[in-house]
Amino acid sequence: MHNGALIICDTAVWDLTQNTVDAKGNVRVMHQRNILAGDKIHYIADSSLAQVRGTIVELIDKDSNRLRTYFLDYNTKDSIAYFFNGGSMLDTTGNVIESLKGYYDSKLKRFKFLEQVEMTAEEMLLKCDSLAFWSEENRTDFLGKINGWQKDGFMSAGKGWYNREKEAYGFYQKAYLSNSTNEVWADSLVYEKTASLARFWDNVQLLDTAQSVILFADFATYSQNPVSAKLYDNPSMAYYSVEENIPDTLFFAADTIRYNTIEKHLADSATVAASQSRYLQAKRDPIKEMYGNKAVPGPPLPDTTAAAIKETLAIQADSTAIHRDSTAIHRDSTAIQTDTTAIHIVPESLTANKTLSPPDTLSLTIDSTFVITDSTLIIADSTLLQSTEPQELVRFIEADNNIRFYRSNLQGKCDSLLFNSIDSTIRLFIDPVLWSEENQFTADSIQLVIQDKKLSKAELMSNAFFASQVDSTHYNQIRSTDIIAWFDKGELTRFDAFGGVTRMFFFEEDSILTTMNRMECRAMTATMEQKSVQIVKSYENLKNDGFPVIDLKPGEDKLKGLVVRENERPKSRYEVSKRIVLPTRRQESLAIELPQFPFTQNLFKFKPEVEGIVNKQPEKPENHFESHEKQPVKEEQVLPPTNSQNE
């Protein structure tokens, strides 16, 4: 007995001159409820050091964790064990940690594993530089770079922790997660499995290659059951699309972005009814119903419908295309000859879409979210890696304050945005404005109707106003209660206005503006080709006047309500979001070898495996963003949140 350590063996030799003991055969050292076993022990009493060697050396701590190695030194005074040349620990739950060398501190109840560390945790395989395992708290601190695998998911970070009792994970210092379709970057993240809640801090980027969407924020939360995500602190999105073989990326930002899902039968009945009503209204063609053969059955549409925009809304008045006699207008106020016969336009019908796929521009808010959906939490629960959402799951998107977006052919602003997948309609509120090329669109609210991943119809609701710049001081203008724009393959094909329509167009002769035409009517429609007006038809209560531009008094060249907001228009995507799109790390992660557990195989005679983990992830999905964003990324050191002090 020495320092409270009891040595049991078959034979022992005590060297009094050296004050050492050599014990052989069924050797046991029992100290403070720890049991150390081996083939032989050389005990140096003066230094309180037991050098244990054997074909298998096993240390069993008071919590029944079993550490095996071939070489172990144990200090009976400090109750610290040191192993080297390989060791493996098997805990009471069947998880394994192995490394080239390490320590066990009995007083602190802490194992420390150093170099070539490999580990199993729940349904994950992990490799790291070093880690500390606190047996009493059942907590692991990852003290160096870590890589992890779960099913087809991969993760890496500079440091982290795992609390088995609380079923919580934390990773920081350039945390990265990926699965077959998604990639996530953040300076730090915490996931609480019992609460199904994940939180991300600083430089958060979530890429969903399936939806062609990237989400950005400096703080984001995500919860499961029901799925809910919120983006804060400079949140923004980027959506990639291709129209007519032309690629483009739309950037979208707001002060706050929220994403929620709920089973349809649990959703508020009034919300569902209103959404279904909007969906049915969006299928109708008011001009045809009021002035032509009705293509869609149903009661007449009220005079307040909707209006406006997405892609290239370039209404450029072509004086040769509009049926008029320019000389007559120039000379007097004779009315323009109009044809009150309704033009025949085939209506565009919407197909019900319960789960909106990513539309082409503003739709980026839609299913992007949320990338986070099932990939982010690869570190925690296998159910989070696979979509389990019901068929009748309804998605809701909300964005608040300082909303702005930029695409090469479309820009806009508002202070409130709503979307749900029942009606597949994006609604813009609170001072919305849209720009496309030289055109500006405003109204009290704007609705964007999505069909087959494209904008099919845009509605300007109440106090609708269209202005198209002709030169530095003059604008073609249309003011009415509502305006509807119709699209085909991203191009504006028709333009309707309803309720107290006033139109002011300017015409030129020999490249000089000569004539201003002002017309009033109850409704009008204009067909478009190659961004130019081809035919204009006006209906009911027509009043038409033409004036020489040179005779116009100040203010007569503008309709009441015209406010040019060009100074608010984002000039580039960096005025919307300064985020740099990070390059994919998918191929880099594929090159990292899975843990092989060589020490565990030798010491415990089995190789730890986790069902479903694959050696190679699926083929790399095409990431269109990479070709657009190649700027270098400045790395920053961030103090991450932790719930334990790394040792």
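The values are calculated or read from the model by the stated rules, or taken from the named source; none is laboratory data. Everything quoted here is computed from the prediction, not taken from an experiment. Cβ sites come from the backbone with ideal geometry, for glycine too, and all protein chains shown count toward neighbours.
Being among the charged types (D, E, K, R), in contact with a strand residue (DSSP E or B) (Cβ under 8 Å, 6 or more places away or on another chain) and under 24 Å from D255 (Cα atoms) holds for only one residue in R395, R479, and it is R395. Name every residue in the stretch 409-420 that is in contact with a Phe, Trp or Tyr (Cβ under 8 Å, 6 or more places away or on another chain) and not in a strand (DSSP E or B), in order of residue number. Listed by number, the list is empty, since nothing qualifies. Taken over the stretch 145-168, the criterion of being without any contact (Cβ under 8 Å) to a residue 24 or more places away in the chain and charged (D, E, K, R) is satisfied by K145 alone.
Residue count for the stretch 223-263 under the criterion of being at pLDDT below 85, under 24 Å from V449 (Cβ atoms), in contact with a strand residue (DSSP E or B) (Cβ under 8 Å, 6 or more places away or on another chain) and outside any strand (DSSP E or B): the result is 0.
If I filter the stretch 27-54 down to residues being over 18 Å from T69 (Cβ atoms) and assigned to a strand (DSSP E or B), which single residue comes out as nearest to the chain's Cα centre (by Cα)?
M30
The condition (being in a loop (DSSP other than H, G, I, E, B) and over 16 Å from A464 (Cβ atoms)) is satisfied by just one residue among G546, G555: G555.
Considering every residue within the stretch 269-276, establish whether at least one is more than 30 Å from D496 (Cβ to Cβ) and not in a helix (DSSP H, G or I). The answer is no; no qualifying residue exists.
Within the stretch 125-143, the set of residues being at pLDDT 90 or above and either over 17 Å from E593 (Cβ atoms) or touching a helix residue (DSSP H, G or I) at 6+ places or on another chain (Cβ under 9 Å) (or both) comprises S130, L131, A132, F133, W134, R139, T140, D141, F142, L143. When the stretch 440-453 is limited to residues that are in a strand (DSSP E or B) and aliphatic (A, V, I, L, M), the one that is farthest from V564 (Cα to Cα) turns out to be I450.
Would you confirm whether or not the stretch 509-517 contains a residue that is touching a strand residue (DSSP E or B) at 6+ places or on another chain (Cβ under 9 Å) and under 22 Å from D444 (Cβ atoms)?
The answer is no; no qualifying residue exists.
Scanning the stretch 456-468 for residues that are surrounded by fewer than 24 Cβ atoms within 10 Å (Cβ to Cβ) and in contact with an Asp or Glu (Cβ under 7 Å, 6 or more places away or on another chain) yields S456, M461, S462, N463, S468. Against the conditions (1) on the phi < 0 side of the Ramachandran plot; (2) under 17 Å from the mean Cα position of the chain (by Cα), F171 satisfies every one except (2). Annotation: of all residues in the stretch 179-195 being farther than 16 Å from V581 by Cα, polar (S, T, N, Q) and touching a residue at least 60 places away in the same chain (Cβ under 8 Å), the one that is surrounded by the fewest Cβ atoms within 10 Å (Cβ to Cβ) is T181. Here E635 does not fit the description of being in a helix (DSSP H, G or I), acidic (D, E) and either farther than 25 Å from L143 by Cβ or modelled with pLDDT under 75 (or both).
Screening the stretch 468-520 for residues that are of a type in the set (V, I, T) and not in a strand (DSSP E or B) and picking the one that is farthest from the chain's Cα centre (by Cα) gives T473. Scanning the stretch 67-108 for residues that are modelled with pLDDT of 95 or more and assigned to a loop (DSSP other than H, G, I, E, B) gives a single hit, L100. The set of residues in the stretch 142-178 that are farther than 18 Å from W201 by Cα and surrounded by 23 or more Cβ atoms within 10 Å (Cβ to Cβ) comprises F142, I146, G148, W149, Q150, G153, F154.
Just checking, does the stretch 454-461 include any residue being in a strand (DSSP E or B) and over 16 Å from R427 (Cβ atoms)? For the stretch 454-461, residues in a strand (DSSP E or B) and over 16 Å from R427 (Cβ atoms): present. Look at the stretch 75-89: where a residue is touching a residue at least 60 places away in the same chain (Cβ under 8 Å) and a partner is surrounded by fewer than 18 Cβ atoms within 10 Å (Cβ to Cβ) and small (G, A, S), sitting 6+ places away or on another chain with Cβ atoms under 6 Å, you get T76/S48; K77/S48.
Considering the stretch 13-44, the residues that are of a type in the set (A, V, I, L, M, F, W, C) and crowded, with 17+ Cβ neighbours inside 10 Å include one that is nearest to K109 (Cα to Cα), namely L36.
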